[in-house]
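Contents: one structure, followed by commentary.
What follows is calculated from the coordinates using simple rules that are stated; it is not laboratory data. Small disclaimer: the values here were computed from a predicted structure and weren't measured. Reconstructed Cβ throughout: ideal geometry from the backbone, glycine too, with neighbour counts over all protein chains shown.
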Amino acid sequence: MQSSKDHWRLIRLKYFIVTGSSRGIGRALSEKLLSSDHHLLCISREVNHELVALAESKNAPIDYFPIDLINVHEIDALMKRIIGTIDESAIQSIYLVNNAAVVQPVEVSSGSEPNDIIAHMNINLVAPMLLTSSFIKYTEPFKVDKRIMNISSGLSFNLKPMLSCYSTSKAGLETFVKAIGVEQRDVRIMGVRPGATDTRMYEQSVITDKSAGTIKLASTSYAADRIITFLFDRFEHGKVVKGW
Ligand SMILES: NC(=O)c1ccc[n+]([C@@H]2O[C@H](COP(=O)([O-])OP(=O)(O)OC[C@H]3O[C@@H](n4cnc5c(N)ncnc54)[C@H](OP(=O)(O)O)[C@@H]3O)[C@@H](O)[C@H]2O)c1
């Protein structure tokens, strides 16, 4: 017979806060995480209604929090609200995947509009820093496994013309992972650099790169599988690793 203690353990959920869940790698990752004992908390501008319908068909808890991450001053309040919905007694572990990003401006630095440079840095670097900071702060009462996965890129060090914003934001994100790795013991953090993957962002990034046509692109499903492997089985606190 099941004791009430066993029953209590059975209903504890894993919580996943995933940014950029509406399409590309983030959507594939969210789809793969759908499960009746996982609760997905999705952040992006667009709500992906197909993902919500799929979650419902699998009896998988899901909530969407539509926000434009350019509005960095709204992030702390959003995280307070999201994490505030979680019942401490019903949580097994909690994860934050900072996946949302943009590649624009794809332009030489002197040709980029100042506002586009600022928007890029807000979405790709300031937003994940604030999401991380708020995650650490508001999950403090939860004495469970807490992990943050930041999605970086090989372009953080493999430099190409017209991608100075992207390389700079991803290099900053990688340093942030290492810095938080040094100061944090309660929450673990790592970064993964996916290889070239068949998404809208990839298309936008190679507009000017004539050699890009020869690159074999991974599917979003493959990229998501790799991220899941690192998240659950190969997590290395304070490290940034190549996805494949
Ligand atoms: N594709 C590649 O070859 C590749 C390679 C290395 C690394 N990466 C990294 O992988 C991650 C996912 O990229 P992807 O290729 O899947 O890109 P994608 O298909 O363009 O998807 C980007 C996601 O980020 C969200 N997003 C963008 N701007 C946002 C904003 N202002 N506020 C909130 N959400 C925003 C988008 O949602 P909404 O538009 O609905 O807001 C979308 O869900 C990124 O961190 C990227 O740098 C990609």
What are the residues in region 29-63 that are closer than 25 Å to ALA218 by Cα and away from the ligand (no atom under 15 Å from the Cβ), if any?
LEU34, SER35, LEU54, ALA55
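If I go through region 222-244 residue by residue, how many of them are basic (Lys, Arg) and within 16 Å of the ligand (Cβ to nearest atom)? Explain how you work it out, then say what you get.
In the first step, residues of region 222-244 are kept if they are basic (Lys, Arg); the result is 226, 234, 239, 242.
Checking the rest, the ones that are also within 16 Å of the ligand (Cβ to nearest atom) come to 226, 242.
Number of matching residues: 2.
Regarding ILE83, is this residue within 15 Å of the ligand (Cβ to nearest atom), assigned to a helix (DSSP H, G or I), surrounded by 16 or more Cβ atoms within 10 Å (Cβ to Cβ) and not polar (S, T, N, Q)? Full working, then the answer.
Values: within 15 Å of the ligand (Cβ to nearest atom): no; assigned to a helix (DSSP H, G or I): yes; surrounded by 16 or more Cβ atoms within 10 Å (Cβ to Cβ): yes; not polar (S, T, N, Q): yes.
Considered against the rule, which asks whether it is within 15 Å of the ligand (Cβ to nearest atom), assigned to a helix (DSSP H, G or I), surrounded by 16 or more Cβ atoms within 10 Å (Cβ to Cβ) and not polar (S, T, N, Q), ILE83 comes out as no.
For a quick check of your reading: which helices (runs of 4 or more DSSP H) sit entirely within region 140-244 and have at least 3 residues that are polar (S, T, N, Q)?
Values: elements: 164-183, 200-205, 220-232.
Output list reads 164-183, 220-232.
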Would you please list the contacts, defined by Cβ atoms under 9 Å and residues six or more apart or on different chains, that run from a residue in region 218-231 that is aromatic (Phe, Trp, Tyr) to a residue that is crowded, with 18+ Cβ neighbours inside 10 Å and part of a helix (DSSP H, G or I)?
TYR222/ALA28
Report, ordered by the first and then the second residue, all pairs with beta carbons closer than 8 Å, sequence separation of six or more or different chains, a first member in region 100-123 that is acidic (Asp, Glu), and a second member that is more than 13 Å from the ligand (Cβ to nearest atom).
GLU107/MET162; GLU113/PRO105; ASP116/PRO105; ASP116/GLU107
Mind listing whichever residues of region 86-125 are within 11 Å of the ligand (Cβ to nearest atom), of a type in the set (S, T, N, Q) and either assigned to a strand (DSSP E or B) or in contact with a strand residue (DSSP E or B) (Cβ under 9 Å, 6 or more places away or on another chain) (or both)?
ASN98, ASN99
Failed condition for ILE215, given (1) surrounded by fewer than 13 Cβ atoms within 10 Å (Cβ to Cβ); (2) under 17 Å from the mean Cα position of the chain (by Cα), with all others met?
(2)
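Quick one: would you say MET162 is over 17 Å from ILE83 (Cα atoms) and away from the ligand (no atom under 13 Å from the Cβ)? Working first, answer last.
Details: over 17 Å from ILE83 (Cα atoms): yes; away from the ligand (no atom under 13 Å from the Cβ): yes.
So MET162 passes the test.
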Name the pairs: first residue in region 29-47 and closer than 20 Å to LEU78 by Cβ, second residue assigned to a strand (DSSP E or B) and acidic (Asp, Glu), Cβ to Cβ under 9 Å, at least 6 apart or on different chains?
HIS39/ASP63; LEU40/ASP63; LEU41/ASP63; CYS42/ASP63
Going by the conditions given, is VAL192 surrounded by 18 or more Cβ atoms within 10 Å (Cβ to Cβ) and of a type in the set (Val, Ile, Thr)?
yes
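Tell me yes or no: at least one residue of region 168-178 is within 22 Å of LYS14 (Cβ to Cβ), under 16 Å from the mean Cα position of the chain (by Cα) and without any contact (Cβ under 8 Å) to a residue 60 or more places away in the chain.
In the first step, residues of region 168-178 are kept if they are within 22 Å of LYS14 (Cβ to Cβ); the result is 177.
With under 16 Å from the mean Cα position of the chain (by Cα) added as a condition, the list becomes 177.
So of that shortlist, the ones also without any contact (Cβ under 8 Å) to a residue 60 or more places away in the chain come out as none.
No, there is no match, as no residue in region 168-178 is within 22 Å of LYS14 (Cβ to Cβ), under 16 Å from the mean Cα position of the chain (by Cα) and without any contact (Cβ under 8 Å) to a residue 60 or more places away in the chain.
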